[in-house]
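Below is one structure, written out as structure tokens; comments come after it.
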Amino acid sequence: MSMPNANGREIFFGDAIKEALAEELRRDPTVFMLGEDIAEAGTTFKVLNGLVDEFGKDRILDTPISEPGFTGLAVGAAMTGLRPVVDIMFGDFSGLIMDQVANQAAKIHYMSGGKLKVPMVLRTTMGAGRRSAAQHSQSLHAWYSHIPGLKVVVPSTPYDAKGLMKSAIRDDNPVVILEDKMMYKTVKGYVPEEEYIIPIGVADIKREGSDITLIATSSMVYVALDAAKLLEEVGISAEVVDPRTLVPLDKQTLVESVKKTSRAIIIDEGYEQYGVTAELASVIADEAFYYLDAPVKRMGAMNVPIPFSPALEDLTIPNAKGVFEMAKSLCNK
Amino acid sequence: MAQVKTKKSESISTIDREQLLHMYEQMFKIRAFEEQVNELYQSAKMPGLAHLYIGEEAIAVGVCEALNKEDYITSTHRGHGHCLAKGASIDKMFAELLGKDAGYCHGKGGSMHIADQDTGNLGANAIVGGSSGIATGAAFASKRLGNGRVAVCFFGEGALGQGLVYESMNMAQLWKLPVIYVCENNLYNEYTHHSESTAGSMKARAEAFGILTVEVDGQNVREVHETAIKLVEHARKGEGPAFMLCNTYRYHGHHVGDIAREYYRPKEEELKWKNDNDPLKNLSSWLTENGLADAGIFEQIESTVSKEVEEAVNFALNAPFPAPEEVTNHVYA
């Protein structure tokens, strides 16, 4: 998969993340990373390979297998002068750390009446398709998005991942970044040599269109782009909008697109029930209702634990053909 | 510094008379504060509940008097004593408990979340054991930044049921962090005697990590303080964490509304602790017996503090509530 780009350097999604981390580690001595097997092993996905050579084991800190413990340690370190970047290997381990994230990190600024701050980044993964079964395949970004006090970032391109990671590290709030593990070494895209940041809270139109809006997050952006190509062949012009950050949410860009196209499908890899798609659909219903020519449709992961067998797993995640069929029916074609 | 002769063979050469009187004043201040809190509850002037520290004053005072202002503490739901002992002012404390804008956290935290960065108080925490990661992280930051600060993590013996505490201790010893875990064993996990919840030895749990572990009489402020001085020095010298088990007793119920307690502990037990092993009486008797103070001194301290408490509570009762727009302030930094 690759975002169209005429000129410039193209690098992988995982490398863009590593580049952002390296630049911020170089820029600010208070930034450090901690997590399981992140130093010499470079994470289980090898995303951080080589960072320990430049920054040493103190700043690329291998931890015990104690997710709540080292997440809590990061919260305390963030409150007292450091800027930790926590690596939680699989998003499925979110259950282990949720007290430290939802009850501690997210609330400390508010509970203290603004006196204390928690400038930390929590990186974790999402995305099925790796044949890793029910406890290593979930996309749990909705959990974090439910808690006031957290910012939640779900980048889809190397360019976005790098620019948003740099913003997240500089942010004075706890920021959760969910990276689709299937994109680390498959998605390549334009990333300029020169430094840049992308502000948190700004959506991006990944493809312009006029008949229907496909709002898609993370890897689902590529599902939507593929569907848009299929739709083009039958004369339907689809716009693909990537919120990029779920909290804060750039409602305006989403709503403006739907006002223009009058139809919307929301595609996200989290479970469909009570999920991100439901929240985004409510935004459209609230703010673009009178512009709609069709019901707002949602496509998320099936409401089942992610199964192991490829024959079953592939059924659980939205695909381009499904989006294409849904869009076609909404457009009465 | 005056050398104090003692009846027993204990050495208290590091604590002089003035300091002991100051500790008496601090303990009395906590008790008077808490008694006033109980009255506010009983007269329905205080929203919500509070967990009183009465009976355990020697621990907070003995430990905090061994710390510098810049050193960190984390506290618990039973945290008023820790906050006051670390230097919080009672007017802002009362204001916070009453939900007033003048409170430490603009009334957003309340009894269980008082934080005060000016006195190194990283916040009371209403998740049992929930601050052990934070305290350990603060110690991590101190070591990394080389600022010489020590972190003290207060918790009750109930927190020994939480995995986070052990994950934190493991990392603290592994990385030789300047953190002291102060376990206040007041015998009851809420409404349950620890013998029904805690297997084996409490001390052995910390000893298993190779952490320096001591057990003290939590009703004897001199012993608590002497021990704390040693552990703080140990931590400051970079020799790593310590675990301090303090045996104590909670005079009141789990919270102010826990009045009928006989189903979980007999009245005789409460009376025995109050009459025979009260931390304030223990210190005043010792000072008197050693000819270092007389009744007049204690009366003077008590009358000064009582007046201060009265003024502070009146200030808080008359202070305004936060403005409605404060509700959305400080969600994000």
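Some notes on this structure:
- Residue within the stretch A:189-197 that is over 21 Å from A:Thr253 (Cα atoms) and not in a loop (DSSP other than H, G, I, E, B) present: yes
- Restricting the search to strands (runs of 3 or more DSSP E) fully inside the stretch A:52-167 and requiring at least 3 residues that are away from chain B (no Cβ under 14 Å) and closer than 22 Å to A:Phe32 by Cα gives A:121-126.
- Taking the stretch B:109-163 as the range and being at the interface with chain A (Cβ under 9 Å from one of its Cβ atoms), under 25 Å from B:Glu207 (Cα atoms) and assigned to a strand (DSSP E or B) as the test, only B:Ala151 passes.
- Among the residues of the stretch B:173-189, those identified as in contact (Cβ under 8 Å) with a residue 40 or more places away in the chain, outside any loop (DSSP other than H, G, I, E, B) and within 12 Å of chain A (Cβ to nearest Cβ) are B:Gln173, B:Val179.
- Screening the candidates B:Ala124, B:Ala60 for the property of being buried (at least 24 other Cβ atoms within 10 Å of the Cβ), touching a strand residue (DSSP E or B) at 6+ places or on another chain (Cβ under 6 Å) and at negative phi yields one hit, B:Ala124.
Here is a yes/no grid of residues against (1) assigned by TED's automatic domain parsing to the domain that holds A:Ile17; (2) surrounded by 24 or more Cβ atoms within 10 Å (Cβ to Cβ); (3) free of Cβ contacts under 8 Å to residues at least 60 places away in the same chain:
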| position | (1), (2), (3) |
| --- | --- |
| A:Trp143 | yes, no, yes |
| A:Pro148 | yes, no, yes |
| A:Val154 | yes, yes, no |
| A:Pro158 | yes, yes, no |
| A:Lys162 | yes, yes, no |
| A:Val176 | yes, yes, no |
| A:Glu179 | yes, yes, no |
| A:Met182 | yes, no, yes |
| A:Lys185 | yes, no, no |
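- Residue among A:Lys206, A:Lys260 that alone is of a type in the set (Lys, Arg), out of contact with any Cys (no Cβ under 7 Å at 6 or more places or on another chain) and not in a strand (DSSP E or B): A:Lys260
- Tally of residues being under 20 Å from A:Asp92 (Cβ atoms) and either under 18 Å from the mean Cα position of the chain (by Cα) or of a type in the set (A, V, I, L, M, F, W, C) (or both) across the stretch A:262-273: 5
- Residue match in the stretch B:35-48 (condition: at pLDDT 95 or above, within 17 Å of the chain's Cα centre (by Cα) and of a type outside the set (A, V, I, L, M)): yes
- Among the candidates B:Leu292, B:Leu245, residue that is surrounded by 19 or more Cβ atoms within 10 Å (Cβ to Cβ) and in contact with a helix residue (DSSP H, G or I) (Cβ under 6 Å, 6 or more places away or on another chain): B:Leu245
- Hits in the stretch A:27-51 (condition: among the basic types (Lys, Arg) and part of a helix (DSSP H, G or I)): A:Arg27
The values are calculated or read from the model by the stated rules, or taken from the named source; none is laboratory data. Given the structure is predicted, the values throughout are model-derived calculations rather than measurements. Using ideal geometry, Cβ is built from the backbone for each residue, glycine included, and neighbour counts are taken over all protein chains shown.
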